[in-house]
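One structure below.
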Amino acid sequence: MRNDDKAELFLNTVYQTLEKGGTVVIPSFAVGRTQEIVYELNKLKERREDEDFKKKYKRTVLGMAWSVLSPLLTLLVMRLVFTQFFGRNTPHYTTYLFCGNLVFSYFNESTGQGMTSLMGNAGIFSKVNVPKYLFLFSKNVQTLINFGLTLCVFFVFCVLDNITFTWKFICLLFPVGCLVLFNIGVGLILSALFVFFRDIQYLWSVFTQLLMYMSAIFYTIDNYSPMVRNLFLLNPVYLFIRYFRKIVIEATIPSVWFHLLMLADVAIVLAIGCWVYKKYNHKFLYYV
């Protein structure tokens, strides 16, 4: 039997055993052999990621298109409801709304799926010793793909809304990169808490609802006092939204301290998330 056939047989055996709730014990007597096993297990993880992505849109007529249509439908509802109240004096209000909805939808989807990433794969890491953060990363890859597709549609809307494209659009890579890391950090914290406290999913749902209203998605903060406007800067999601709007609508690059504030938020959340995973890594097995 060829090596490729042996590897495929090995992966199928492991996969079928885990699907049936079994336990896999893999003895290894050499460093080189261990590396080969780790490589093959990584291929199994990639296969499961692909299957998870397909399962998400299984038996849907539009399939993957829902990843783009969902935020667009939300945008349409907001556009119809809030234009008469907040959009009359706001230039490029459709783009203004889309910026807020784009960023918040990505944050909400990424953290929501990341929260259940550990418990959703408990049948694997309770039987095979694999890095548990990989499950969270796979969820973030899926949501990042959805975000990228919606971002392409966002640029189309910018053209329709007569937004001028400048070289400053390249700076959007900064908030996108920060948002990815921020979502991973929040996901680390939430997924760990969800193992010990199942109620966290309901509390997080209420919190994200409150966060949406506090992120100035459909209204402006220009009429608030300077002190209140500064309070909005304590909201990391608002910072990402504000960065998008400054680049796309105002064609200006935020100040250095604005960048540092975003980096500080990302660093704090990531540090807490990594600390939680390191501290409770072995305790997860007793609560799944």
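Every read-out reported here was derived from the displayed coordinates using simple, explicitly stated rules and does not represent laboratory data. The shown structure was predicted, so the numbers you read here are calculated from the model rather than taken from an experiment. Cβ sites come from the backbone with ideal geometry, for glycine too, and all protein chains shown count toward neighbours.
Some points to look at:
- Ranking of Glu109, Glu250 by neighbouring Cβ atoms within 10 Å, starting from the fewest: Glu250, Glu109.
- Trp167, Trp257 arranged by Cβ crowding within 10 Å, fewest neighbours leading: Trp167, Trp257
- With 18 Å as the limit, the listed pairs Lys132/Lys283; Lys132/Lys278; Lys139/Lys278 have Lys139/Lys278 beyond it between alpha carbons.
- In Hz, Karplus ³J(HN,Hα) per residue of region 101-111 (6.51, -1.76, 1.60; θ = phi - 60°; x = Gly, Pro): 5, 4, 5, 5, 4, 5, 4, 5, 5, 5, 6
- Over region 183-288, the fraction of Cα-Cα pairs per 10 Å bin, rounded to whole percents and listed from the shortest bin up, is 12, 35, 31, 16, 5, 0.
- Order of Met212, Met227 under a 10 Å beta carbon neighbour criterion, fewest first: Met227, Met212
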